[in-house]
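Below is one structure, written out as structure tokens; comments come after it.
What follows is calculated from the coordinates using simple rules that are stated; it is not laboratory data. This structure is a prediction, so every number in the text was calculated from the model and none was measured. Backbone-built Cβ (ideal geometry, glycine too); neighbour counts: all protein chains shown.
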Amino acid sequence: MRFLTKLRIRRKVFLNLDLHQKSSFFVALEQTKTNQRIRGDLPGDKASGIVPGEEKTSHSCSVPQTNQKRSNDARVGGRLKDFLPQWKNIKNNRQSSGSLTHHLWEQVSTLQKLEVVCPVPPEEKGEELDYLESVRKLGPLCGAVHAHFMSLANEKYVEAFNNWFQWTNNSELFLNALSLLKSQDGTKISLHLMKMTSCLERALGDVYLIIGKDCPFLLRDLLTSQELASIFSQPVMNVLKIFLGSPKSLNLRNILWHGFVSPNEIPPKYCSMLLLFTAGLGQLLQSWLTKTKMSLVHRPYFVFSSLHEIKVCPDLNEKMLLLAESFMEKSKFVLPHMVPFWIESFNAFRQGRYADCATVLLPQLETGLRLAFTTVNDCPQRMLTAESTTLYTTFDEILAKNLNDGSPNRLPATLGESVMEFLWDILNHREGPRVRDHLGHGEIQLLEFPKLLATALLGFSIFLLYRQLQQDSLHKEDFAVVHPIIAAAESYCSRFHPIALVQKQVFQCCESLEKWNFLPISCLDFFNETREHQDHVVTALSFYSEVDHIISLLHCEGKACFTAENCSNWLQTDKWFLSTKDLCRKHISNLYCPRLVLEAVSVLHKVSTQCHQVSNNIISISELRYEQWQNKILRSRQRHNYQRLLCSIRSLSTILRLIITIVIMDLHNIHLCTSEKTHLEYQKYLKYLKTILQYTENMSTCTSPEKNRWDEAIQMTSRIILKIKTFNEKNKAI
């Protein structure tokens, strides 16, 4: 509660400052921090006599009431401490380890009966707990738990609690916490607390799925679920909500992961209390599983795919890291009291602790971007917002197109398109790594966090540090050191936006179609010059003529990215591959695409995916049938089917190239295709794309190894060519 009060005070002071006085404000705040905090407790104002667990008194008639409240607090505190001497009297042996945990948890699980977890006052409807009062009364207990943990030897701690951490599927993380608490390093304790809260959320989600179906995405919804209450009991979940749940509670996980607190600002006693809670939950869960004869199954961890796409920065050497560390003191991107977190992220990267590097770095990126956001949008009051009644200024708002009041967000223009596309790629896009979500919700095996991803995050962070340096503060020699990072950041193009995914899919389809030129074909003696074969030749020539006409129509509409001389037989040459691949590499603006654009892009992506599948089907069946033909194991029907396949290849190659051409050209004109059309015209265009999609889906089925319906495929191809030609002729007429 006290650090939330402190944030409110900071915000009010901050409002009265000029934007250029921010740095001085934070430096002064950091210098006075030692005198304002009582070690081991929530931050308080010692000078004014406010300490944790006490109310500020006045010289009015309210003094007796305050004394009565203190009397009640003393009574509760005495009852809480009754069991503390018993901890020390328990013998240190294997048999007593379970007794120790059981006794600790018995006391904590009855907190609501001890009037520490306070019900909501009658005048505050819609809540079930009085969070502020509960936090105040929990202070003494948290301090007592912390003192006991600090008195334990590491070996005895592991012996007593190891079994009860197993349910988290990451017991080592919790067992290592005691040595960090004893180090009294606020930065490392905060880092460990971030990892503990995310791991605990993941474990609670696994427990939820024992009897529940769809695990809630938000931690606060998970903690209020009836499923967990039925397993752990409602009083236990109420206590846990005070630490991790509602924004009106301590909300430790969110204020840490969103970068609202500095090192040493979260009292270590809360980390100790969460350790006890985690062990106690493990004991309760084991008892419940034994009683119900059910089992806990852990969900598999998320594994990052397409890591080669994430490689956007050069390898970071020691010279780069040392120079970047010198930026911290000079860059406006870093708040002075947050420097220890930045130093820890660099040290973690050096030591190969890549998950730790990303865990520390992500909240600091958000804090730096929040500072830039409030500066360029002239809203300094949003800088230190971490209150129960005010919306946090987080990545969602920072990266949005508009502010909450509808005015444009000026930050994207300040950062530049390349930086914005990287941030959207790494944080938001569904097909991207979404590293903050996966790390924050405990979905990643920390020891297997990829170096490439940590390098990308740290590299772009260094670029942002560089961007916020004073002008002309970097020597030429230093600039040469960081130039590879700067060049990579400034040239970044989205890899995971839906438009970029279509370009990638089209490129892969082109590579697949190129392989058709090298398909093995049996000897001509194998075929007879039948009427059926001649009909296929005539059909193919007809297709060529129709496709050339469609290409010329596309050129007239202004969609084509080639000259008029290339229209004739362009699809049949290698120039088509070169032109199409060049279009796949060309950047297309993708920030803040409207819904209509994304809807059309989604259909284009499905079309290109099906085309790729058709191409792979034909390659696979052609190679298989050729091998069977060589080994003379083809039956009569299979030989005829193989003959129809070879007769159809040229026609199918032409239509696939045409469709891929339409996809990539429409993609480059997607903003015009949606913005310049009326609603009716857009609906017709979308229907046209869905017609092509239906054709490609049917073709994927007909060309599958199980079907091999080549005559049907040619008939469908004839119909779709007619539909494409008709649509584009109407567009030309308009």
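Shape index of region 274-392: Rg/Rh, with Rg the Cα radius of gyration and Rh the Kirkwood radius from the inverse mean 1/r over Cα pairs, equals 1.12. The modelled label-to-label distance between GLN226 and LEU672, using points 7 Å beyond Cα along the C-beta direction, is 5.8 nm.
The calculated P(r) of region 338-454, using every Cα pair and 5 Å bins from 0, goes 2, 10, 18, 21, 20, 15, 9, 3, 1 in percent. Taken along its three principal axes, the alpha carbon spread of region 400-476 comes to 42, 41, 17 Å, from the longest extent down to the shortest.
Net charge of the neighbourhood of ASN617, taken over other residues with C-beta under 15 Å away and scored Lys/Arg +1, Asp/Glu -1, is +1.
Evaluated with a Cβ-only charge set (Lys, Arg +1; Asp, Glu -1), region 577-734 carries a dipole of roughly 380 debye about its Cα centre, given to the nearest 20.
The slack in the chain from LYS575 to LYS730, taken as 0.36 nm per residue of separation less the alpha-carbon distance, amounts to 53.0 nm. Placing R0 at 22 angstrom, the Cβ-Cβ distance between ARG585 and PHE479 gives a FRET efficiency of 0.20 after rounding to 0.05. P(r) for region 163-254, from all Cα pairs and a bin width of 10 Å, is 16, 44, 33, 7, 0 %, short bins first.
Normalised by 2.2 N^0.38 Å, where N is the number of residues, the C-alpha radius of gyration of region 324-380 stands at 1.19.
Between the amide H of LEU129 and those of VAL120, distances stay under 5 Å, these residues lying 5 or more places away or on another chain, with hydrogens modeled in the peptide plane.
Of the GluC sites (Glu not before Pro) in region 397-495, the ones in a loop by DSSP (not H, G, I, E or B) with at most 16 other beta carbons within 10 Å are GLU431.
Once the Cα-Cα distance is subtracted from the 0.36 nm per residue extended length, the VAL303 to LEU680 segment shows a gain of 131.4 nm.
Taking N as the residue count of region 664-720, its C-alpha radius of gyration divided by 2.2 N^0.38 Å amounts to 1.46.
Computed from the C-beta positions of LYS156 and SER326, the FRET efficiency with R₀ = 60 Å rounds to 0.85. For region 208-319, a/c is not less than 1.5, where a ≥ b ≥ c are the root eigenvalues of the C-alpha gyration tensor, and a/b does not top b/c. That puts it in the oblate class.
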